[in-house]
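See below for the structure under consideration.
The values are calculated or read from the model by the stated rules, or taken from the named source; none is laboratory data. Note that the coordinates shown come from a computational prediction; the quantities given were computed from them, not determined experimentally. Here Cβ is always computed from backbone atoms with ideal geometry, including for glycine, and neighbour counts include all displayed protein chains.
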Amino acid sequence: MNNSFKLCNQLRLLTAIALLVTFCSTSVCYAQQQVYNKELLKLKAAARLKLSAQVDEFNNYTDRPESDGPFNKTNNKAFLLQNTPLFLASDSTINKVYNYRWWMISKHLKQYNDPYDNKQYWVVTEFFGPRPWASLSGAITCPAGQQFYDVRWLRDGKFLRSYADYFMKGSASKLNQRENGNFLTYMSRPESHHFSSWMINGVDAFLKIHPDNKWLHSELPYLEKHQQVWDSLFTVKNPAAKTAGMYKILDLYDGMEFSLSAVLGLIHSDGAYSLYTADNWRNYYLGWGTDNNAAKSEQAKEYPKAFRKGYPDFYLARPSINSYMYGNLQSLATLYAVDEAIYPQDKKAQKASMYAKKAERLQQKVLNVLWDKDEQFFNTLSAGDNEYGAHDYEAKVRESVGYTPWYFDLIPGKNYTEYGKAWEMFSSRKGFYNTSGMTTAEQQHPYYNERAYAWNGRGWPFENSVVYKGYANYLRDYKKNSTQAEKELLLDHIEKLAKLHGDKQLNIGEWYIPSDGKTFGGEQDYFHSTFPDIIIEDLLGFKASHNNSFTVAPLLPNGKWDYFYLGNIRYHNHDVDIIWKKDWDAKKSGNQSKLCVWVDGKLIASSASLNGNLLVKLPN
């Protein structure tokens with residue numbers, strides 16, 4: 001009897017232990033979950049209060065452009081509280097800039113009644129008011145890739161679906177860009193292709209957050225036509241050229257006005273471009289106004305087609321546009337595969353395969369042609385079919401656009417260490433690291449110039465957005481186990497970018513001076529770059545997926561922040577909240593660091609590591 005009694009007690013104990021293990025299977029027991037849930041309610045409320053108070057502050061800013069659309073100081077607070085991902089962190093500067101940037105974005109959401117198809121579209125503007133280089137709606141393709149990456153995080157997906165419709169199948173896809181005083185090329189093209197962009201990739205990024213299979217199914221033929229225009233107008237047609245089949249563009253229409261790679265190519269050229277020499281190029285290709293000098297030159301008179309109002313018709317195969325197009329092609333492959341899974345058709349599978357192969361061919365061209373093994377960098381070549389000027393000439397200068405391939409994960413994973421050496425210049429004073437922010441050309445080059453309205457060194461937030469995502473992808477997707485110093489470098493750059501917004505009346509403009517810049521210049525409340533996306537995806541590591549899951553893999557260095565809350569995210573028709581804290585209960589001692597993820601108000605995943613890779617599967 002005693003042995004049987006002992007055996008029964010042992011079985012009961014084992015059963016109780018098993019039940020306890022099951023009860024705590026999510027890595028936190030009920031009592032501990034209550035602590036976490038209580039903190040969620042507290043931080044979410046605090047984030048809402050901070051956003052509300054700061055929107056009031058922003059609305060009281062003086063001498064600011066009026067909103068381009070319906071959201072203004074009379075209604076923007078309600079819109080932002082309902083639609084934006086909430087953020088609260090122990091870094092008050094980054095926190096405030098994050099909220100400011102959402103306020104700024106709301107001013108650029110515009111409703112456009114298109115007289116050509118009698119439809120109303122939501123578009124996203126860059127400047128306020130009509131600009132001659134914009135589409136008729138006021139939207140401009142140059143920042144569209146950046147705008148897709150930021151605006152995709154709004155809870156309501158209607159804005160980007162409509163924006164994509166406008167550029168892919170609305171009048172912007174049919175009307176040629178107006179030829180006026182700001183049209184500095186002889187190549188006619190639709191408004192949707194006036195400047196380089198990666199909008200197809202942007203649609204892909206958007207659908208990872210707001211899947212819409214029916215809309216994608218109807219949109220795909222127009223996405224494909226959009227890419228076909230790039231292929232027909234902006235590729236090197238000379239089959240004997242080193243750059244054959246690669247994508248080409250003028251500096252200006254890559255959104256970069258004047259670059260050092262173009263300078264070096266022009267100096268190397270003869271004939272029409274013998275005008276440019278090592279001694280005098282600054283008189284002709286260093287910011288607006290110098291092109292007027294070129295227009296008066298003998299070469300411009302002798303070769304009128306080589307210049308448009310003094311701007312040289314000199315195309316370049318740049319790492320930027322070729323990476324954008326790689327991103328577009330990869331996204332077409334991905335989106336056709338997504339569509340095939342829902343609407344099975346043999347042609348869709350074939351198209352997914354075709355675009356994957358096209359992307360791979362372009363990838364190899366970028367690696368074989370643009371990568372300079374000696375310089376350890378992706379450089380720019382002049383187009384091999386230029387009517388005037390040098391063909392396939394490699395400009396030996398490191399420019400920040402050489403980091404664009406990492407934005408789209410173009411680098412093969414097995415070779416990441418070879419190409420990763422390029423990032424040594426990201427932290428170097430000889431390269432792109434400076435007192436107040438990243439430069440756009442390497443500082444050790446003799447032609448470096450941050451004072452000119454050009455991309456010869458001056459900082460541009462557009463480019464910060466590209467490079468920071470590229471670096472975050474390098475650390476997260478390639479290295480996987482990045483060092484504390486590497487994470488601190490990313491945060492250091494983001495902190496500098498945040499501080500450039502100012503401290504009294506925040507602003508985002510076109511440019512800054514990297515060596516001593518105190519704030520931005522050129523414009524106010526200017527939507528040409530990202531910031532919410534830099535925080536959500538690049539720093540805090542919310543990585544979206546077409547699958548019914550996401551990962552949280554922060555690159556925030558240990559010891560820099562005490563906590564962060566990121567929530568109110570609408571993802572795959574679920575609500576997501578994330579908190580990391582290193583001290584959850586002030587009454588307890590020891591390391592309490594934990595990253596917690598809630599879906600629809602339920603704590604479903606957690607990790608004791610800030611810098612881990614937490615996979616979160618959504619409930620069915």
Residue match in region 584-594 (condition: out of contact with any helix residue (DSSP H, G or I) (no Cβ under 7 Å at 6 or more places or on another chain), in the same structural domain as Thr551 (by TED's automatic domain parsing) and among the acidic types (Asp, Glu)): no
Residues within region 441-451 that are surrounded by fewer than 24 Cβ atoms within 10 Å (Cβ to Cβ) and in contact with a Ser or Thr (Cβ under 9 Å, 6 or more places away or on another chain), tallied: 5
Cβ-Cβ under 6 Å pairs, at least 6 apart or on other chains, region 222-243 side modelled with pLDDT of 95 or more and assigned to a loop (DSSP other than H, G, I, E, B), far side of a type in the set (Ser, Thr, Tyr) and buried (at least 16 other Cβ atoms within 10 Å of the Cβ): Phe234/Tyr247; Val236/Thr243
Which listed residue, of Asn180, Asn118, Asn113, is at positive phi and of a type outside the set (Phe, Trp, Tyr): Asn118
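When only residues in region 113-125 that are part of a loop (DSSP other than H, G, I, E, B) and either in contact with a Leu (Cβ under 9 Å, 6 or more places away or on another chain) or within 14 Å of Ala172 (Cβ to Cβ) (or both) count, which is modelled with the highest pLDDT? Please lay out each step first, then the result.
The first filter runs over region 113-125 and keeps only residues part of a loop (DSSP other than H, G, I, E, B), leaving 115-118, 125.
Checking which are either in contact with a Leu (Cβ under 9 Å, 6 or more places away or on another chain) or within 14 Å of Ala172 (Cβ to Cβ) (or both) leaves us with 115-117, 125.
Numbers: Pro115: 95, Tyr116: 95, Asp117: 93, Thr125: 98.
Checking each candidate, the answer is Thr125.
One line per residue, one yes/no per condition, for (1) under 19 Å from Trp198 (Cβ atoms); (2) touching a residue at least 24 places away in the same chain (Cβ under 8 Å); (3) surrounded by 22 or more Cβ atoms within 10 Å (Cβ to Cβ):
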site	(1), (2), (3)
Phe432	no, yes, yes
Thr435	no, yes, no
Ala454	no, yes, yes
Pro461	yes, yes, yes
Val466	yes, yes, yes
